[in-house]
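**Student:** Handing you this structure, nothing more for now.
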Amino acid sequence: MNGKFVTVEGCDGVGKSTQVRLLKERLEREGIDAVFTREPGGTPIAEKIRGIILDSDNSEMDGLTELFLYEASRRQHTKEIIEPALSKGKLVICDRYIDSTLAYQGYGRGLNVDMIRKLNEWAMGDVKIDLTLFLNVSSEEGFSRKGGASREDRLEKEKSEFYERIYDGFLRIAEKEKRFKKIDASGDKFSTHEKLYAYLKDNGYLNL
Ligand SMILES: Nc1ncnc2c1ncn2[C@@H]1O[C@H](COP(=O)(O)OP(=O)(O)OP(=O)(O)O)[C@@H](O)[C@H]1O
Ligand SMILES: [Mg+2]
């Protein structure tokens with residue numbers, strides 16, 4: 001596989017999908033060939049699994065069930081989209097991937113982190129991530145971007161603590177993984193876009 005695999009990660013609402021869209025538009029304008037995809041989903045089978053995960057009727061879903069569904073969706077997405085594109089030498093940019101599962105299901109919900117790492121490896125098979133662009137916005141800031149809420153409300157407090165664990169989880173993964181590049185994403189979407197684009201260009205991702 002001689003393509004390059006880039007994942008975009010970060011907490012809820014930090015602007016991952018916005019940035020992936022801006023990159024897609026920019027690369028299209030410049031005639032640079034790349035495959036843009038997202039998790040959980042990216043293929044008909046994987047999108048169906050995503051539907052089960054996100055269906056509000058399934059609120060009683062067990063945490064491990066949810067994890068297995070994420071991994072099942074990831075496996076299909078990897079085999080059907082990511083691996084073939086990398087084999088053709090393409091640049092693949094994916095909105096969320098394995099680190100979201102580690103951060104949310106592992107650090108956020110408290111499932112065993114080593115088990116999740118193993119499942120992630122199985123789902124990925126031979127695929128390797130070259131670069132993870134981590135959109136770094138503090139959980140505090142992300143929370144207020146999402147409309148915020150008074151910290152006095154118990155449910156909101158639980159929610160904000162959950163997001164804090166996820167953010168701290170991402171920072172721990174970032175310390176461990178050399179492929180992680182933290183990008184300060186606290187500015188407006190266009191300034192963040194310029195940072196991402198410049199990093200990709202300066203590091204040879206745009207001339208495969
Ligand atoms: N730099 C920015 N500053 C302020 N608001 C932003 C910025 N970038 C995106 N937004 C807005 O924040 C909201 C969330 O953006 P977006 O959907 O791209 O985030 P996301 O990280 O993909 O979220 P999710 O985790 O839910 O998939 C949108 O309304 C978007 O317009
Ligand atoms: Mg998104």
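**Student:** Over all directions, the average projected area of the alpha-carbon convex hull for the chain comes to how many nm²?
**Tutor:** 11.6 nm²
**Student:** Restricting the calculation to Cα positions, tell me the Rg (one decimal) and the Dmax (whole number) of segment 74-157 in Å.
**Tutor:** Just the Cα atoms of segment 74-157 yield Rg and Dmax of 16.6, 53 Å.
**Student:** Could you work out how much longer the chain between Glu121 and Asn207 gets when fully extended? Use 0.36 nm per residue separation minus the Cα distance between them, nm to one decimal.
**Tutor:** Using 0.36 nm per residue and subtracting the Cα-Cα distance, I get 28.2 nm.
**Student:** For segment 44-107, what D do you get in µm² per second when you plug the Kirkwood radius from alpha-carbon pairs into Stokes-Einstein at 37 °C and 0.692 mPa s?
**Tutor:** In µm²/s, the coefficient rounds to 255.
**Student:** Right, here's the next one. Taking the alpha-carbon set of segment 98-208, what are its Rg and Dmax in Å?
**Tutor:** 16.1, 51
**Student:** Follow-up. Using a 1.4 angstrom probe with every protein chain in place, what is the largest-first accessible-area order of Lys88, Lys24, Lys176?
**Tutor:** Listed by decreasing accessible area, they come as Lys88, Lys176, Lys24.
**Student:** Here's another thing I want to ask about it. Can you run phi through the Karplus equation (6.51, -1.76, 1.60; θ = phi - 60°) for segment 33-42 and list ³J(HN,Hα) in whole Hz, with x for Gly and Pro?
**Tutor:** My calculation for segment 33-42 gives 7, 7, 10, 10, 8, 8, 10, x, x, x Hz in order.
The values are calculated or read from the model by the stated rules, or taken from the named source; none is laboratory data. These figures come from a predicted structure and were not determined experimentally. Keep in mind that these areas ignore ligands, DNA and RNA; they rest on the heavy atoms of the full protein, side chains included. Shrake-Rupley method; radii C 1.70, N 1.55, O 1.52, S 1.80 Å.
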